[in-house]
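Asks: I have a structure I would like to understand better, so I am pasting it below and will then ask my questions one at a time.
The values are calculated or read from the model by the stated rules, or taken from the named source; none is laboratory data. Keep in mind that what you see is a predicted model, and the values were worked out from it rather than measured. Please note: Cβ atoms are built from the backbone with ideal geometry, for glycine as well, and neighbour counts cover all protein chains shown. For accessibility, only protein heavy atoms count, side chains too; no ligands or nucleic acids. Shrake-Rupley method; radii C 1.70, N 1.55, O 1.52, S 1.80 Å.
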Amino acid sequence: MEPGAARDTERDLRTILNIQAIRAFLYGLGSVLIGLTLADGGFTDAEVGFVFTAMLVGMALSSIVIGTIGERIGRRRAYLILLLLVGLAGTVFALTLSMPALIGASLTGALSTDPNESGPITSLEQAMIGEAPSGTRLAVFGRYNAIAYVAGAVGALTASLSGLLDLDEQRFLFAYPVLAVVAAALAKRMSPAV
């Protein structure tokens, strides 16, 4: 591998790990706050379950779509689109308790029911990590998973601040658009090699 290409690959891998940390933090935060927000908004247990089921269905459907067209439109472009969808879907949850809007946002596949998401974004990231030199690939995947669990736990713990500070849980969900824009800005700087 040429020195310039090696530098690009190393930078891209660091970027993926940073974005993974942001996403896992958001998913940890959301996995606690979305349920609380819906329950506080008067949703029944069945309705909350329906919203979370829509998230799972959305992840499955968008994984199929990304698996089908991801290489055609380019990994980096697909990655950017999905990261921006994270922000858009999170904004819907931060602004409304309208069941149709929440189901629509859930079906984007950009949200997760737990901190360690295994949907379309993870599929893209793992495909990009797979391009790492064989000698470093195992270590990168190990860091990738460790970051997901630690950042997700920190996100879930951060969700408790809303209760401790007696703040509106739903407004904490504005972290989604803010951090999704940061993640998309990082992804935009990735090399075309991804």
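Asks: Does the range 142-150 include one or more residues that are in a helix (DSSP H, G or I) and over 18 Å from G28 (Cβ atoms)?
Replies: Within the range 142-150 (the criterion being in a helix (DSSP H, G or I) and over 18 Å from G28 (Cβ atoms)), the answer is yes, since at least one residue qualifies.
Each row is one residue, and each column tells you yes or no for (1) aliphatic (A, V, I, L, M); (2) open to solvent by 80 Å² or more (accessible area, probe 1.4 Å).
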residue	(1), (2)
Y149	no, yes
A156	yes, no
D168	no, no
Y176	no, no
L186	yes, no
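Asks: Kindly check whether there is at least one residue in the range 104-113 that is in a helix (DSSP H, G or I), surrounded by fewer than 19 Cβ atoms within 10 Å (Cβ to Cβ) and on the phi < 0 side of the Ramachandran plot.
Replies: To start, the set of residues in the range 104-113 that are in a helix (DSSP H, G or I) comprises 104-106.
Now narrow it down to the ones that are surrounded by fewer than 19 Cβ atoms within 10 Å (Cβ to Cβ): 104.
From what is left, the residues that are on the phi < 0 side of the Ramachandran plot are 104.
Yes, the conditions are met somewhere in the range 104-113.
Asks: Another one. Among the hydrophobic types (A, V, I, L, M, F, W, C), crowded, with 24+ Cβ neighbours inside 10 Å and in contact with a helix residue (DSSP H, G or I) (Cβ under 7 Å, 6 or more places away or on another chain): does that describe A94? Please lay out each step first, then the result.
Replies: Details: among the hydrophobic types (A, V, I, L, M, F, W, C): yes; crowded, with 24+ Cβ neighbours inside 10 Å: no; in contact with a helix residue (DSSP H, G or I) (Cβ under 7 Å, 6 or more places away or on another chain): yes.
Judged against the criteria, A94 is not a match.
Asks: I would also like to ask the following. So D114 fits all but one of (1) closer than 27 Å to R11 by Cβ; (2) charged (D, E, K, R); (3) in contact with a helix residue (DSSP H, G or I) (Cβ under 6 Å, 6 or more places away or on another chain); what number is the exception?
Replies: Evaluating D114 over (1) closer than 27 Å to R11 by Cβ; (2) charged (D, E, K, R); (3) in contact with a helix residue (DSSP H, G or I) (Cβ under 6 Å, 6 or more places away or on another chain) leaves (1) as the failure.
Asks: So, one more: If you go through the range 1-59, how many residues are of a type in the set (D, E, K, R), open to solvent by less than 40 Å² (accessible area, probe 1.4 Å) and in contact with a Leu (Cβ under 9 Å, 6 or more places away or on another chain)?
Replies: Going through the range 1-59 one residue at a time, the tally reaches 1.
Asks: So G28 fits all but one of (1) over 22 Å from A156 (Cβ atoms); (2) touching a Gly at 6+ places or on another chain (Cβ under 6 Å); what number is the exception?
Replies: The one condition G28 does not meet is (1).
Asks: Mind checking which residues of the range 29-56 are among the β-branched types (V, I, T) and in contact (Cβ under 8 Å) with a residue 12 or more places away in the chain? Outline the logic, then answer.
Replies: First pass over the range 29-56, keeping only residues among the β-branched types (V, I, T): 32, 34, 37, 44, 48, 51, 53.
Result: V32, I34, T37, V48, V51.
Asks: Considering only residues of the range 154-194 that are assigned to a loop (DSSP other than H, G, I, E, B) and of a type in the set (A, V, I, L, M), which is nearest to A5 (Cα to Cα)?
Replies: Of everything passing the filter in the range 154-194, A193 is nearest to A5 (Cα to Cα).
Asks: Filter the range 60-91 for residues that are in contact (Cβ under 8 Å) with a residue 12 or more places away in the chain and open to solvent by 80 Å² or more (accessible area, probe 1.4 Å) and give the result.
Replies: L61, L84, L88 - these are the residues of the range 60-91 that are in contact (Cβ under 8 Å) with a residue 12 or more places away in the chain and open to solvent by 80 Å² or more (accessible area, probe 1.4 Å).
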